[in-house]
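Enquirer: Have a look at this one before I ask anything.
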Amino acid sequence: RWQAEEAYAIIETFTTSEVPEQTKLLATAAAYEGYALTLIGEGFCEATVNVGPLMQPSDVLKMAEERFTKAIELAGSAGDNDILNMAYVGRARVRLDLGNTSGAAADAGKIPKDFVKNATYSTASTRRNNLIYDYNHRQIMVSVDPRFRELEVQGTPDPRVPVSDAGRLGHDGVTDLWFQELYPEAGSPIPLATWDEAQLIIAEAGGGQA
């Protein structure tokens, strides 16, 4: 979060002649800070930003919404549809968190079909590895919760949660080791914002049979 905020502040000190893609870069930084704030707001009972006052989750999520709104404005100006859609999905998510169902559905409805914004990973260095794969398959530090093993939908394996029994114990020598297979390699990407999520947000916001 701080890196995105700091990058935004530094980029803003230059002119567009010095940084031709300044608007696009500012939009990108704002969007990623929005996602960082979203995770903080969704994951913690209380939080503080830059040693500021203690905030409730709703306050943090409102900050995230502000960052997404800024990213949407900037990405629109820059003509960057990738960041624009990423920010719309993010804002739809926090608006749903905040109980603004109409706003959430409106944002989610703007996402083009099959849109995917991935968090990318690589085998070029361990720092760029997908850590879900690494902790589970390589370091065997984590396993799959029993509730998510061998799930079925109408009698067939659920393709959304592919897992396999490693047939051994994890590194603690006690826990049965199960592998997640959703990210099968150290370089596997993880979807950050998608049309699929946008559709689920629309469904949750609308509720009922629709």
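Enquirer: Quick one: would you say ILE72 is touching a strand residue (DSSP E or B) at 6+ places or on another chain (Cβ under 7 Å), at pLDDT 95 or above and part of a helix (DSSP H, G or I)?
Expert: Numbers: touching a strand residue (DSSP E or B) at 6+ places or on another chain (Cβ under 7 Å): no; at pLDDT 95 or above: yes; part of a helix (DSSP H, G or I): yes.
Against the criterion (touching a strand residue (DSSP E or B) at 6+ places or on another chain (Cβ under 7 Å), at pLDDT 95 or above and part of a helix (DSSP H, G or I)), ILE72 does not qualify.
Enquirer: Report whether or not LEU192 is touching a Gly at 6+ places or on another chain (Cβ under 6 Å) and in a strand (DSSP E or B).
Expert: Values: touching a Gly at 6+ places or on another chain (Cβ under 6 Å): no; in a strand (DSSP E or B): yes.
So LEU192 fails the test.
Enquirer: Something else now. Mind checking which residues of region 5-47 are assigned to a helix (DSSP H, G or I) and in contact with a strand residue (DSSP E or B) (Cβ under 6 Å, 6 or more places away or on another chain)?
Expert: From region 5-47, those assigned to a helix (DSSP H, G or I) are 5-12, 22-43; that's our starting set.
Answer for region 5-47, where residues must be assigned to a helix (DSSP H, G or I) and in contact with a strand residue (DSSP E or B) (Cβ under 6 Å, 6 or more places away or on another chain): just ILE40.
Enquirer: Go through region 162-193 and report how many residues are farther than 17 Å from ALA119 by Cβ and open to solvent by 50 Å² or more (accessible area, probe 1.4 Å). It would help to see each step written out before you state the result.
Expert: Our first condition is that a residue be farther than 17 Å from ALA119 by Cβ; within region 162-193, this holds for 162-179, 181.
Next, from what is left, pick out any that are open to solvent by 50 Å² or more (accessible area, probe 1.4 Å): 165, 167-169, 171-172, 174-176, 181.
Residues flagged as farther than 17 Å from ALA119 by Cβ and open to solvent by 50 Å² or more (accessible area, probe 1.4 Å) within region 162-193 amount to 10.
Enquirer: Now for a different question. Please specify each residue of region 139-168 satisfying the condition of being acidic (Asp, Glu) and assigned to a loop (DSSP other than H, G, I, E, B). Walk me through it before giving the result.
Expert: Of the residues in region 139-168, the ones acidic (Asp, Glu) are 145, 150, 152, 158, 165.
Correct list: ASP145, GLU150, ASP158.
Yes/no matrix, rows are residues, columns are (1) among the hydrophobic types (A, V, I, L, M, F, W, C); (2) modelled with pLDDT under 95:
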| residue | (1), (2) |
| --- | --- |
| ALA4 | yes, no |
| ILE11 | yes, no |
| THR16 | no, yes |
| ILE40 | yes, no |
| GLY43 | no, no |
| ALA47 | yes, no |
| MET63 | yes, no |
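Enquirer: Looking only at region 83-103, which residues are hydrophobic (A, V, I, L, M, F, W, C), surrounded by fewer than 24 Cβ atoms within 10 Å (Cβ to Cβ) and more than 10 Å from GLU65 (Cβ to Cβ)?
Expert: Our first condition is that a residue be hydrophobic (A, V, I, L, M, F, W, C); within region 83-103, this holds for 83-84, 86-87, 89, 92, 94, 96, 98.
If we keep only those that are surrounded by fewer than 24 Cβ atoms within 10 Å (Cβ to Cβ) as well, we get 84, 96, 98.
LEU84, LEU96, listed by residue number.
Enquirer: Give the residues of region 129-154 that are under 17 Å from ARG168 (Cα atoms) and of a type in the set (Val, Ile, Thr), sorted by residue number.
Expert: Within region 129-154, ILE140, VAL142, VAL144 qualify.
Enquirer: Tally the residues that are open to solvent by 80 Å² or more (accessible area, probe 1.4 Å), under 15 Å from LYS70 (Cα atoms) and within 13 Å of the chain's Cα centre (by Cα), restricting the search to region 1-43.
Expert: Here the count works out to 1.
Enquirer: In region 108-127, what residues are without any contact (Cβ under 8 Å) to a residue 24 or more places away in the chain and either open to solvent by 70 Å² or more (accessible area, probe 1.4 Å) or part of a helix (DSSP H, G or I) (or both)?
Expert: ALA124, THR126, ARG127
Enquirer: Just give me the residues in region 48-58 being assigned to a helix (DSSP H, G or I) and crowded, with 16+ Cβ neighbours inside 10 Å, in sequence order.
Expert: Just the residues of region 48-58 that are assigned to a helix (DSSP H, G or I), to begin with: 57-58.
Answer for region 48-58, where residues must be assigned to a helix (DSSP H, G or I) and crowded, with 16+ Cβ neighbours inside 10 Å: just PRO57.
The values are calculated or read from the model by the stated rules, or taken from the named source; none is laboratory data. Note that the structure is predicted; figures quoted are calculated from it, not measured. Positions of Cβ are generated from backbone atoms using ideal geometry, with glycine treated the same way; all protein chains shown enter the neighbour counts. Heavy atoms of the whole protein, side chains included, go into the accessibility calculation; ligands, DNA and RNA do not. Shrake-Rupley method; radii C 1.70, N 1.55, O 1.52, S 1.80 Å.
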